[in-house]
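What follows draws every value from the coordinates through simple rules; no lab data is involved. Not measured: the values here are computed from a predicted model. Cβ: placed from backbone, ideal geometry, glycine included. Neighbour counts: every protein chain shown.
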Amino acid sequence: MKKLFTMFLAVMLLVSLAGVVMAEEIAALGGGCPPDPCPDFLQKFDTLKVNYEVVPLTSIDILTRDVQLCSYIGCESGCGLPQTFNYKAIATGSTMRKIVGKIQSVLPVGLTLSAIVNKPDNSGTSEGWQPLTTSDVDLVKGISKMCWANGTGQVKLCASNEASAVTSSVVMQLTIMDQGA
């Protein structure tokens, strides 16, 4: 029993010494937690800069990939039957836009390719049949506030008596742009 008591005293002495050492370490680090007053080292908020830009969408997609046209040289009207094409267009925002058309290369002498583009989903005003050149020609004006509107158009080929017999192709381009351009 004496041994047990001695062991008990030794353990108590060891625990006491450990407590003293820990107390000295805590005091060396600035005391216990929380100090009075407790410093608030954690921030309650932070900030994030959010950069943004708002832009209108403007796009046109001709859904018909190609059409076949035939014209007879110098015939009564000189024009063959028109062929129809379909397109979709986007022109968001309130800025007025227009659809212009052109051909990407000059046609042979005596040939004229004309186009009419109907207003997409009743937005804007069609300019009617217009002969196409390598420069932009207004086809629809007054387009705004539409997202993926559907439209149709037609092209026709006319051949005057100055035309020669030919089989070829030409690329027609439609573009949506600001009406003031």
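Give, as a single signed number, the net charge of other residues whose beta carbon lies under 13 Å from the beta carbon of MET172, with Lys and Arg counted +1 and Asp and Glu -1.
For residues surrounding MET172, the net value is +1.
Report the gain in length on full extension from SER105 to ASP61: 0.36 nm times residue separation, minus Cα-Cα distance, nm rounded to one decimal.
Contour length minus Cα-Cα distance gives 13.8 nm.
Mind checking which lysines have their Cα closer than 20 Å to the Cα of LYS145? Skip sequence neighbours fewer than 8 apart in that chain.
LYS88, LYS98, LYS119
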